[in-house]
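Following: one structure in C-alpha cells, then a few remarks.
Read-outs throughout are calculated quantities, based only on the coordinates presented, and are distinct from any laboratory measurement. Bear in mind the structure is a predicted one, so any value in this text is a computation, not a measurement. Cβ coordinates were reconstructed from backbone atoms using ideal geometry, including for glycine residues, and neighbour counts include every protein chain displayed.
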Amino acid sequence: MFDDFYHGKRVLVTGHTGFKGSWLSEWLLKLGATVAGYSLGVPTKPSHFEVLHLSGRLKHFAGDIRRLDSLKDAFNAFRPDVVFHLAAQAITRLSYEEPKLTLDTNLGGTVNILEAIRTTPSVQVGVLITSDKCYENAEWEYGYRESDRLGGKDPYSASKACAEIAFSAYARSFFNATGSPAVATARAGNVIGGGDWARDRIVPDCVRAWADNKPALIRYPRAVRPWQHVLEPLSGYLWLGASLQQRRQSLAGESFNFGPSNGIGHSVLNLVNEMRKTWPSGEWCQEPSLDVSKHEASLLRLNCDKALSRLQWRATLTFSEAAKITAEWYKIFYESQTEAAACTARHIEYFTDLARDRNQS
C-alpha cells in the first residue's frame, strides 16, 4: 500500500491520542513504520488510543503543541522522516468558550510545527491537517475548492483559515528550495468512525445516549455535512505523504480537499437513521434550547476534483457503508473493549480490500 513508502520510515504524529490520530497511528504501524506521537494527553474517556493499547506500541512524547521548546525536543530526540500534524482544538462550540485557546492551539501550534520541520534536518515530508471549516462559508450549493476564499464566522473556523495562511507563507518562504522538506495541507470533511468520544459530535452523542437507553439530543437535524469514514481522509493523508516524496515539484506547498465523491453531503438526520439500521433501538429528539449566537453552518460541501486529478484519490466507501461500520464498532465496544480493538483492525482490512476491489490508486 502507498508504494510501500512508510515501511521502515520514522513517522511522527501530533495528536496521536485523539480520534483521527489513533486510527492513523494504528494504520502506520500496520504499514511497518516506526511511529512516535506528540500530545498533551488523552483527550477523552473512553479513548480509542487506550482501547488500542497504543502507549506500549509507539514512542509517546507528552507535550503541549503550543510550546515550541518541548516540540523541538521531541523532534530532535526522534528525528522523524515524515510528520503528520493533527493536534488541534477541534470543537466549534468549545471555540466560543475558549477562543484564545483555540487560536493559540490551531494557529500557534501550526506555526510551531512548521518551525520544528524547518529546523529538523531529518524531515523529508510534512502533511498538516486543517479542516474543511477553513473556507469562508456562504452555504453555497456547490463544493468549496482549494482556491476559494478562506475565513470563518466562529473562532474555530477562523483559526483553521489562519493556519492555512501561515502554512502558505512558510511554504513559499522556507520550503521552496531543492532539498527542503516537501509539505502540504489537507482539508477533510466531517469524519465519523469507531472510537470518537469528543463532546458535541453527533455520533458519540448518539451512542452515549443509546447505550443508556435514552434518546439522543440533536441540535440541527437538517444540517448537511460531507460525512465520511475516518479511513477515507487518512488514506488521502497517507497517499499525499507518499506522493510528496515522489512528486515534490508538482505537489509541495499545495492544499487538498478529501471528502465524499462528487461533494455529496447528507443531513444529520440521514446519518442518524443510517446508524439506527445497526442500532434499531436508538431514538432521538431535537435539542430544545439552542444559543443562536453560536453560529454553526447548515450547509457545507467540498469539491475534491483536485485530489482526483493530481493524486488519483477518491472516496472508497458509500455513505451507508460508512455509517454501518461506524455503528457496528460502537455496538461491539459496549460488548467488549478487547473486541473493539480487533474491530479497528478488521475495519482497516475491510477498507483496504474494498479500495483494491474498486481500483483505487
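Would you mind computing the Rg to Rh ratio of segment 138-285 from its alpha-carbon coordinates, Kirkwood style for Rh?
Working: Rg = 18.5 Å, Rh = 17.6 Å.
Taking Rh as the inverse mean 1/r over Cα pairs, Rg/Rh reads 1.05.
More than 17 Å apart: what percent of Cα pairs in segment 225-283 qualify?
Working: 954 of 1711 pairs.
Counting every Cα pair in segment 225-283, those more than 17 Å apart make up 56 percent.
Taking only C-alpha pairs under 8 Å that are 6+ residues apart, what is the relative contact order of segment 1-141 in percent?
Relative contact order of segment 1-141: 24 percent.
Can you list residues whose amide H is under 5 Å from Ala216's amide H, if they're 5+ apart or on another chain and H is modeled 1.01 Å from N?
Correct list: Glu283, Trp284, Cys285.
Can you compute 3J(HN,Hα) from phi for each residue in segment 301-317, using the Karplus curve 6.51 cos²θ - 1.76 cosθ + 1.60 with θ = phi - 60°, rounded to whole Hz and x for Gly and Pro?
10, 10, 9, 10, 4, 5, 5, 5, 6, 8, 10, 6, 9, 8, 5, 9, 7
Calculate the all-directions average of the projected area of segment 37-80's alpha-carbon convex hull, and give it in nm².
Working: hull surface 13.1 nm².
Average of the hull's projected areas for segment 37-80 equals 3.3 nm².
At 7 Å along the Cα-to-beta-carbon direction for both Asp73 and Asp353, put a label point, then send me their distance in nm to one decimal.
Distance between the two pseudo-spin positions: 4.6 nm.
Once the Cα atoms of the chain are picked out, what are the Rg and Dmax in Å?
Final numbers for Rg and Dmax: 19.1, 59 Å.
Rounded to the nearest 20 Debye, what is the dipole magnitude of segment 35-142 about its Cα centre when Lys and Arg each give +1 and Asp and Glu each give -1 at the C-beta?
On the way: 11 positive and 13 negative charges, 101 e Å.
For this selection, approximately 480 debye.
At most 15 other Cβ atoms within 10 Å and a DSSP loop assignment: could you name the trypsin sites (Lys or Arg not before Pro) in segment 103-165 that fit? Walk me through the numbers before you get to the answer.
Details: sites: Arg118, Lys133, Arg145, Arg149, Lys153, Lys160; in loops: Arg145, Arg149, Lys153.
When the trypsin sites (Lys or Arg not before Pro) of segment 103-165 are filtered for loop state and at most 15 Cβ neighbours within 10 Å, Arg145, Arg149, Lys153 remain.
In degrees between 0 and 90, to the nearest 10, how far off the longest principal axis of the chain does helix 337-357 point, with axes built from Cα atoms?
Approximately 70 degrees, to the nearest ten.
Could you compute Rg(Cα) / (2.2 N^0.38 Å) for segment 51-154, with N its residue count?
Values: Rg = 16.2 Å, N = 104, 2.2 N^0.38 = 12.8 Å.
Against the compact-globule rule of thumb, the ratio is 1.26.
Along the Cα-to-C-beta direction of Glu321, a point sits 7 Å from the Cα; which residues of segment 229-269 have their amide N less than 14 Å from that point?
229-233, 235, 260-261
For Ser261 and Ser173, FRET efficiency with R0 = 41 Å and r from the beta-carbon atoms, rounded to 0.05? Mind dumping the intermediate values first?
Details: r = 35 Å, r/R0 = 0.86.
For Ser173 and Ser261, the calculated efficiency is 0.70.
Dipole size in debye (nearest 20) for the chain around its Cα centre, Lys and Arg Cβ +1, Asp and Glu Cβ -1? Could you put the intermediate results ahead of the total?
Details: 42 positive and 39 negative charges, 102 e Å.
For this selection, approximately 500 debye.
With a ≥ b ≥ c the root eigenvalues of the C-alpha gyration tensor of segment 1-69, is it rounded (a/c under 1.5), prolate (a/b larger than b/c) or oblate?
Values: a/c = 2.24, a/b = 1.39, b/c = 1.61.
It is oblate, given that a/c is not under 1.5 and a/b is not larger than b/c.
Tell me, which longest segment in the chain has none of the chymotrypsin sites (Phe, Trp or Tyr not before Pro) that fall in DSSP loops with at most 15 further Cβ atoms within 10 Å? Could you put the intermediate results ahead of the total?
Details: sites that count: Trp140, Tyr142, Tyr334.
In the chain, the maximal stretch lacking such sites is 143-333.
One-quarter of the Cα convex hull surface for segment 217-357, in nm²? Numbers along the way, then the final one.
Numbers: hull surface 43.4 nm².
Approximately 10.8 nm², given one-decimal rounding.
Pull out the extension gain between Gln249 and Ser55, defined as 0.36 nm times the separation in residues minus the alpha carbon to alpha carbon distance; nm, one decimal. Show your work: numbers first, answer last.
Values: separation 194, 0.36 × 194 = 69.84 nm, distance 3.66 nm.
Between Gln249 and Ser55, full extension yields 66.2 nm more.
Given Ser173, Val82, Val191, which one lies farthest toward the positive end of the charge dipole of the chain, if we put +1 on the Cβ of every Lys and Arg and -1 on the Cβ of every Asp and Glu?
Ser173
Per 0.36 nm of contour for each residue apart, how much would the distance between Ile91 and Arg66 grow if the chain were fully extended, relative to their Cα-Cα spacing?
Working: separation 25, 0.36 × 25 = 9.00 nm, distance 1.74 nm.
Between Ile91 and Arg66, full extension yields 7.3 nm more.
With the crude spin-label approximation of a point 7 Å out along Cα→Cβ, what separation in nm comes out for Arg149 versus Arg222?
Placing both labels 7 Å along Cα→Cβ, they lie 2.6 nm apart.
Measure nothing fancy, just the Cα-based angle from helix 202-211's long axis to the longest principal axis of the chain, in degrees from 0 to 90, nearest 10.
The two axes meet at around 50 degrees.
State, to one decimal in nm, how far the label point of Glu283 lies from the label point of Asn213, with both points 7 Å from Cα in the Cβ direction.
Taking the simple label geometry, Glu283 and Asn213 are separated by 1.2 nm.
Sorting Ser180, Ser39 on the 10 Å Cβ count, fewest up front, what's the list? Let's see the in-between values first.
Details: Ser180 16, Ser39 23.
By the 10 Å Cβ count, ascending: Ser180, Ser39.
Quick one: helix 155-174 against the long Cα principal axis of the chain, what's the angle to the nearest 10°, folded into 0 to 90?
Compared with the principal axis, the helix lies near 20 degrees.
With contacts defined as alpha carbon pairs under 8 Å and 6 or more residues apart, what's the relative contact order of the chain in percent?
Over the chain, the number comes to 17 percent.
For Glu139 and Lys45, calculate 0.36 nm times their separation in residues minus their Cα-Cα distance, and state this gained length in nm to one decimal. Could the numbers behind the result be given before it?
Working: separation 94, 0.36 × 94 = 33.84 nm, distance 3.40 nm.
Gain on stretching Glu139 to Lys45: 30.4 nm.
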